[in-house]
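Written below as structure tokens is the structure these notes are about.
The values are calculated or read from the model by the stated rules, or taken from the named source; none is laboratory data. Since the structure is predicted, the reported quantities are computational estimates derived from the model, not experimental observations. Heads up, the Cβs are rebuilt from the backbone with ideal geometry, glycines too, and the neighbour counts pull from every protein chain shown.
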Amino acid sequence: MAEGHIQLQPGRRPTRRSTPPHTILPLRRISSSSSSSHLSNSISCWYCDFKTSVFNQPLFHFGQNYSRWLRIWFSIGMGFSLTTLISVTIVIMLELARVLNLYNGIPWLNNILNGSIFGFYSPVLKYSISVTDIGYICISTIISVAIHELGHALAATSEGIQIEYTAVFLAVLFPGALVAFNHELLEMKPRVATLRIYCAGIWHNAALCVVCALTLFMLPFILYPLYSHGEGLMVLDVSAESPLYNYLYPGDLITKLDGKHISTSNEWMETLHLLDKQIFQMTNYYISNKGYCVPNLMIAESRNAEIVDDQFKCPNELTLFTTISCMDLSRTNDSSNGSNQLTRENVYCFPAKGVLGEKKCGDGWDNTVNNYTNCLCTDEDESCMTPIHTPDVSWVEISFSRRCSSYNSSGSEENRCGGTFVFMGDMMLMAHSIRLTEYKPRLLFGLGYVPVVVEKLLINTFHVSLMLALLNSLPVYYLDGESILEVALCCFGSMTPRIREAVLRSSLLVGTIVCVLLNLRILLLVTT
């Protein structure tokens, strides 16, 4: 995780030391009289940077012209950052106590903190990161760090402090940025002004998170002239390894899963996750309460399932079906009861595709969409049949639509403008094997990737900026939290300099150790 770093020629503001402390970065000290043409870039085997003074005057003029409003803005940020520092400190201490099992006797506290730091990371660590994701993270990091350093720069210029230079650096593999100020000028400013400068980066990262969240919320309205939203999920790409290959094509619009309308990516994943969870928890057969009205003649012409090793089997690519009635529906969710009712006489083998054009029955469908759905079939010559789910096979009905002109002569006639098909297999593998978007372009299909890129950048920038704000709020050496804590103790503390120094050192030492331990634990979660 990259961090923004503010250099105060060359370290943070000292309180009573005659010489400034060293920083972890090989930064060069520049006096206020140095010429911008004398800036030198640093290159080593583990660190390199690029310094420039191009932005010095534009930022200084902007800060001076709007100094009154900027001071109000950064005063709010100072209160926010101090609150965040206290809150984050409490959280990491409680998190350490949870790791050390210090409050196992307090169940309610343990339940609350199970969703804190490690609760936040655990779902994220389960997913692999692709090369594309790394690209999004790098761009989001650049944006977040730039906004962070812009906050420091504007806060300083609004107080009349000139910027010596701005720089971008790469330490090992971690990118970052910094702004350098004149140390002597900063020393002459009131401590509240200094605190505003230190807190500005955190405040700007928090503001960036709000902007990203609001933009995501307003994105359907922003893109409305070019994209429709809420009609379904449009297929962007189907890999050759996907089980849906040759069933769905780029440009197809998925509208329903098992008769339920799907309009967002969250609905898609939640529905498939629920179906997958039901199958995973099965120990025997599972009889769904979603059925199809199948003609009795078709049932009579079908063949009954065979019993092999006490299991029902269908030959070739046929699927297990059984009849259900209204009285059975109250027991269909009980897999053991359902399996006890199954006999060779009431288990049939049908092609799954053969029943999809039939009317639906049972009480598990979306009745708001299918007005004709009823518990029983209205025609006396039909029976309500439902597929039998087995522990190793999950079933989902996928409805889609497509432009007739986009589908050539290949494929069946009824599938040219869309239709419905059944997927049987691993739900989550299927869900992650295709790329979908909630936005359908009104003009060209090639523009379908634009909303996906925008959404990815906004989401990644939100998370990176949030982590950058939290990281710099920690009372840890060499981060903004160190300087904020030091100046805050001077501003609001009534302690003697000796006691204040002891409190500062002990707080930074404990905070650094705790953060190292927590990061090691997170690393263990990743590797395992």
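Collect the residues in segment 240-259 that are touching a Ser or Thr at 6+ places or on another chain (Cβ under 6 Å) and either among the small types (Gly, Ala, Ser) or at pLDDT below 85 (or both), keeping them in residue-number order. Lay out the reasoning, then the answer.
Taking segment 240-259 and keeping what is touching a Ser or Thr at 6+ places or on another chain (Cβ under 6 Å), we get 242, 251, 253, 255-257.
The answer is Ser242, Gly251.
Looking at segment 41-139, what helices (runs of 4 or more DSSP H) fall wholly within it and have at least 2 residues that are at pLDDT 90 or above?
Numbers: elements: 56-65, 67-99, 107-113, 117-125.
Where helices (runs of 4 or more DSSP H) fall fully within segment 41-139 and carry at least 2 residues being at pLDDT 90 or above, they are 56-65, 67-99.
Residues that are under 30 Å from Ala146 (Cα atoms) and in contact with a strand residue (DSSP E or B) (Cβ under 6 Å, 6 or more places away or on another chain): does segment 476-489 have at least one? Steps first, answer last, please.
Of segment 476-489, the ones under 30 Å from Ala146 (Cα atoms) are 476-489.
Restricting the remaining residues to those that are in contact with a strand residue (DSSP E or B) (Cβ under 6 Å, 6 or more places away or on another chain) gives none.
No.
Pull up segment 142-200, narrow it to residues that are touching a residue at least 60 places away in the same chain (Cβ under 8 Å) and of a type in the set (D, E, K, R), then point me to the one that is farthest from Pro58 (Cα to Cα).
Out of the qualifying residues, it is Arg191.
Using the structure shown, decide if Leu233 is assigned by TED's automatic domain parsing to the domain that holds Tyr292, within 27 Å of Ile398 (Cα to Cα) and modelled with pLDDT of 90 or more. It would help to see each step written out before you state the result.
Numbers: assigned by TED's automatic domain parsing to the domain that holds Tyr292: yes; within 27 Å of Ile398 (Cα to Cα): yes; modelled with pLDDT of 90 or more: yes.
Yes: the conditions hold for Leu233.
Given the conditions (1) modelled with pLDDT of 90 or more; (2) of a type outside the set (Phe, Trp, Tyr); (3) more than 30 Å from Leu94 (Cβ to Cβ), which single one is not true for Ala469?
Failing condition for Ala469: (3).
Hand me the list of helices (runs of 4 or more DSSP H) wholly inside segment 424-528 holding 1 or more residues that are of a type in the set (Ser, Thr, Tyr).
Working: elements: 427-431, 449-473, 480-492, 497-527.
Filter on segment 424-528 gives 449-473, 480-492, 497-527.
Going through Ala240, Ala213 one at a time, which residue ends up being farther than 18 Å from Thr420 by Cβ, in the same structural domain as Met467 (by TED's automatic domain parsing) and outside any strand (DSSP E or B)?
Values: Ala240 fails: in the same structural domain as Met467 (by TED's automatic domain parsing).
So the residue among Ala240, Ala213 that is farther than 18 Å from Thr420 by Cβ, in the same structural domain as Met467 (by TED's automatic domain parsing) and outside any strand (DSSP E or B) is Ala213.
Please list, ordered by residue number, the helices (runs of 4 or more DSSP H) wholly in segment 260-368 having 2 or more residues that are aliphatic (A, V, I, L, M) and at pLDDT 65 or above.
Qualifying helices (runs of 4 or more DSSP H): 265-280, 296-301.
Checking the condition more than 18 Å from the chain's Cα centre (by Cα), of a type in the set (Ser, Thr, Tyr) and closer than 30 Å to Leu216 by Cα, which residue from Ser473, Ser483, Ser507 passes?
Ser473
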